[in-house]
Amino acid sequence: MRTKQLLNEGWQFHLGAIEEPMKTVRKAAAIGGLTAPLTNEEGEVVLTGAGGEHFLRLIAQGERDKGLEILAGTKLTGSIAEKWTMVDLPHDWKNELLYVNEPALLMSGSKPDGIGYYRKTFTLDEEQVADKQVFIHFMGVMRMASVWLNGVFLGDHYSGYSDFSFDITELVRYGEEGTNVLLVKVDTTTGAEGWWYEGAGIYKEVFLEFLPEIRIDRLETFIETTAITEHQAQLKITLGVTNQSFIDQRNLRVRASVVGQTEGFDFTLEALTTTDFTYSQTVSEPKLWSVQSPHLYTAEIQLLLENQVVDIYRQTFGIRTIDYTTTGFYLNGQRTELRGVCEHQDFGGVGVALNKDILRYKLLKMKEMGVNAYRSAHHFASKELLELCDELGMIVMNENRILESSEWRVAELEKMVKQTRNHPSVCFWSLCNEEVIGNTPLADRIARRLTAVLRKATTQSLIVSAELLNPEGVVNESYMSNFDIKGVNYPEAGVNGTGLIAVKEKHPKYAYLSTESASYFSTRGKYKDAGENCQTSNFGSLYSMVLPGERKRGEPGVGGTAYPEEVMQFLEKYPFMGGVFLWTFMDYYGEPAPFSWPGISSQFGITDTVGFEKDYFYYYQSKWSATPMIHVMPHWNIEGLILTEDGRTEVRVFSNCPEVELFINEKSYGKKQAGKEYTTWQVPFEAGCLKAVGYAANQRVEDFRITSGRIADVTINERYSGEKYRLFEINGVDRAGNFVPTAESEVVVSVSGGTIIGLANGNPADLSGYNIQEKCLFSGKLMVIVQEDEGIEPELSTWLKVSDNK
Ligand code: GAL
């Protein structure tokens, strides 16, 4: 049967170039050096280059000991621990580097590129490998990876956004043969793939997979929904089977059990060939996969040889239909407004080294705001992410990294589509984002090829691209015809003049979708622009990305490319756009627009880099959530607020209740019909309690801010508890226990029963870098990411280093 062995723990890591291991060799398996066991590890010892050949000669002459003596004089025999550190995966070495003020690195997060080596030894039992094909899988390495096993060069992998694997069936050692040595060189110096922080290193799982030689072929197995009527669904089921043994196999039977029905096929299969069987099935009263109720089914597929089960493979899938017309998106026949967000894949404090726990935390936070769609910008979504989106009912726009049709890119796209086509969440495939060659004959040729690959591999996703349109509305019709949906970035902002409207007039039959919107700047907890600290106001920044210099509120392009209100009004005015994908849900490292150094992260997020909500989180929630809610801004500490000459300040309330009322120290400032976007008051600042109350049918909700004193202590709240990781929120409080929204004091943190793997405060100009013991609060808060020791409840202790009421 199939088994898996994780190789996530106990890697040796070396940062910086070392003597380059060879990729070719004159004698098999003799690259040696770091690609083979060293003298203080078990197993054979083989040296590189001329030394290696000399050593082999000595062994051949029966003089092994002499060879070892020579070896003892080389630099490879020193203690590995001296030159290498031990790390566990996922690992992002860039996360731990200091920030550098280098304009060329600004967009990628102001950290230098480099070369790192990872080395791991492991042993296998004979039973693990008997009659099995053995694969090693790398779920994500940023970026260029070269891999060696036991003195053999396995290959290179170019992209940091696709997983890859090697068949190591014959090369792997087992039993008495000794230790296996895996060496991975990771290089980010040969060019970035994106214009954002991408990280560096083996940032996702590595595992061995032991598969039966004759087995169900995962990539060729596909369960499609072809139609849904009132009480029935039609499925098309394709079962892939491969015979990777060296002999022709007779008396094979594949048996699939799908939603309570079993189907079987008898066949013979020649050595080293793959085949498939396709059939249709009707499912009565299917439980559909939807946003509200994401039902998943699991098909069990067995392979029998001479009536003995030799493989069992389980495939998760969902039953659902999708359609997109000039009136928007339809899921199972229901028009579903896409309330989407775009997202990169990093997280404060850990860079791109996140596990499924952090991804789940991110997705749950999105759902809390009312998000139903996730655009994996601008690269393939990871397996973990898609599993979670299936489970949580999040529609996914999976994205191809780039509009190129080189042979390897085409092969990679085909693999990634096949690998993800059974995920019901993947409703869309985006082919590219804002390519400068878009809408040209060249782009048309490439898109034709890539969309053909996509359409051949899946019927379960619609194809879109994310375009910046020409202001005069000129499009290359042939290029556009490649896509089921015409994706437009920033249509609300008029980034490129009247692009969308002009195109729509010329091409009323196209189906359009807003693939990227808003890019609205704001810094959590700040209510004034402060350029020197890279801070922008939550009331609407005067910084603009679209127009140069400082602009006034109300002018186009202010605050990024558009205010959230403009985005939502646009959506309301043009429902044919199908919905929105806001740029972005969380702040991410790199791309610190509109600032440069010391900006280290973006400010487009609706939350900061660790998911602490900015005020506009509640704006969107008020639009997208039916549960009565209310949020009042700003904080109620005078420092940090803008006051008019007569001491007044703006208070803004987001609520989905029909009526709202504002109180300062229990004095009412009037009950009002809630404003269409928000409700606002100009009130005299008076220290104490600022309270907003929302009145819905039979329900009253409230939110308040209290003027605090100096910071006196911190509180610890467990914000999220995953399988392995816990997220703890630290809040600065005054003597009375009130939250101090302006606190920036340094906090020292330690944990028992776990390991702190990251600290982050969401400050977009936090140059303090990697430190897992102490960090400053930012706008009163700090996030601690803890990996718990198995079976132990982690306990956090903290103390304030400086209590200066900053
Ligand atoms: C878009 C682009 C994104 C991001 C964003 C910032 O044009 O697709 O990757 O750079 O601008 O506003």
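The values are calculated or read from the model by the stated rules, or taken from the named source; none is laboratory data. Everything numeric in this text was worked out from a predicted model, so none of it was measured. Every residue, glycine among them, receives a Cβ derived from its backbone with ideal geometry; neighbour counts consider all protein chains shown.
Summary of values
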{"item": "Unmet criterion (only one of (1) within 30 Å of MET142 (Cα to Cα); (2) of a type outside the set (A, V, I, L, M, F, W, C); (3) touching a strand residue (DSSP E or B) at 6+ places or on another chain (Cβ under 7 Å); (4) outside any strand (DSSP E or B)) for GLY340", "result": "(4)"}
{"item": "The stretch 588-619: number of residues that are out of contact with any Cys (no Cβ under 8 Å at 6 or more places or on another chain), within 20 Å of ALA192 (Cα to Cα) and within 14 Å of the ligand (Cβ to nearest atom)", "result": "7"}
{"item": "All positions within the stretch 435-470 that are among the β-branched types (Val, Ile, Thr), within 23 Å of LEU500 (Cβ to Cβ) and touching a residue at least 60 places away in the same chain (Cβ under 8 Å)", "result": "VAL464"}
{"item": "Residue within the stretch 708-716 that is surrounded by 13 or more Cβ atoms within 10 Å (Cβ to Cβ) and free of Cβ contacts under 8 Å to residues at least 40 places away in the same chain present", "result": "no"}
{"item": "Subset of the stretch 455-485 [surrounded by fewer than 21 Cβ atoms within 10 Å (Cβ to Cβ) and within 16 Å of the ligand (Cβ to nearest atom)]", "result": "LEU468, ASN470, PRO471"}
{"item": "Residue check for ALA452: more than 16 Å from the ligand (Cβ to nearest atom) and surrounded by fewer than 18 Cβ atoms within 10 Å (Cβ to Cβ)", "result": "yes"}
{"item": "Enumeration of residues in the stretch 109-140 that are surrounded by 14 or more Cβ atoms within 10 Å (Cβ to Cβ) and part of a loop (DSSP other than H, G, I, E, B)", "result": "GLY109, SER110, LYS111, PRO112, ASP113, GLY114, THR123, LEU124, MET139, GLY140"}
{"item": "Residue that is farthest from the ligand (Cβ to nearest atom), among those in the stretch 558-587 that are in a strand (DSSP E or B) and within 24 Å of the chain's Cα centre (by Cα)", "result": "GLY579"}
{"item": "Residue that is farthest from ASN8 (Cα to Cα) [pool: residues in the stretch 353-379 that are more than 16 Å from the ligand (Cβ to nearest atom) and not in a helix (DSSP H, G or I)]", "result": "GLY370"}
{"item": "Given (1) surrounded by fewer than 13 Cβ atoms within 10 Å (Cβ to Cβ); (2) under 19 Å from GLN699 (Cβ atoms), number of the condition PHE663 does not satisfy", "result": "(1)"}
{"item": "Qualifying positions in the stretch 334-377 - of a type in the set (Ser, Thr, Tyr) and under 24 Å from ASN656 (Cβ atoms)", "result": "THR336, TYR374"}
{"item": "Per-region count, the stretch 193-239, residues outside any strand (DSSP E or B), hydroxyl-bearing (Ser, Thr, Tyr), more than 16 Å from the ligand (Cβ to nearest atom) and in contact with a Phe, Trp or Tyr (Cβ under 8 Å, 6 or more places away or on another chain)", "result": "1"}
{"item": "Condition broken by VAL184, with the remaining ones in (1) of a type in the set (Val, Ile, Thr); (2) buried (at least 22 other Cβ atoms within 10 Å of the Cβ); (3) touching a residue at least 60 places away in the same chain (Cβ under 8 Å); (4) under 29 Å from THR273 (Cβ atoms) satisfied", "result": "(4)"}
{"item": "Flag if GLY201 is surrounded by fewer than 21 Cβ atoms within 10 Å (Cβ to Cβ) and of a type in the set (Gly, Ala, Ser)", "result": "no"}
{"item": "Subset of the stretch 513-526 (residues that are more than 10 Å from the ligand (Cβ to nearest atom) and either among the aliphatic types (A, V, I, L, M) or surrounded by fewer than 24 Cβ atoms within 10 Å (Cβ to Cβ) (or both))", "result": "LEU513"}
{"item": "Check on PRO508, within 16 Å of the ligand (Cβ to nearest atom) and out of contact with any Phe, Trp or Tyr (no Cβ under 7 Å at 6 or more places or on another chain)", "result": "no"}
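Let's see how each residue does on (1) part of a loop (DSSP other than H, G, I, E, B); (2) modelled with pLDDT under 85; (3) assigned by the TED database to the domain that holds ARG173; (4) of a type in the set (A, V, I, L, M, F, W, C):
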position	(1), (2), (3), (4)
GLU20	yes, yes, yes, no
THR24	yes, no, yes, no
ALA30	yes, no, yes, yes
VAL45	yes, yes, yes, yes
LEU71	no, yes, yes, yes
MET107	yes, no, yes, yes
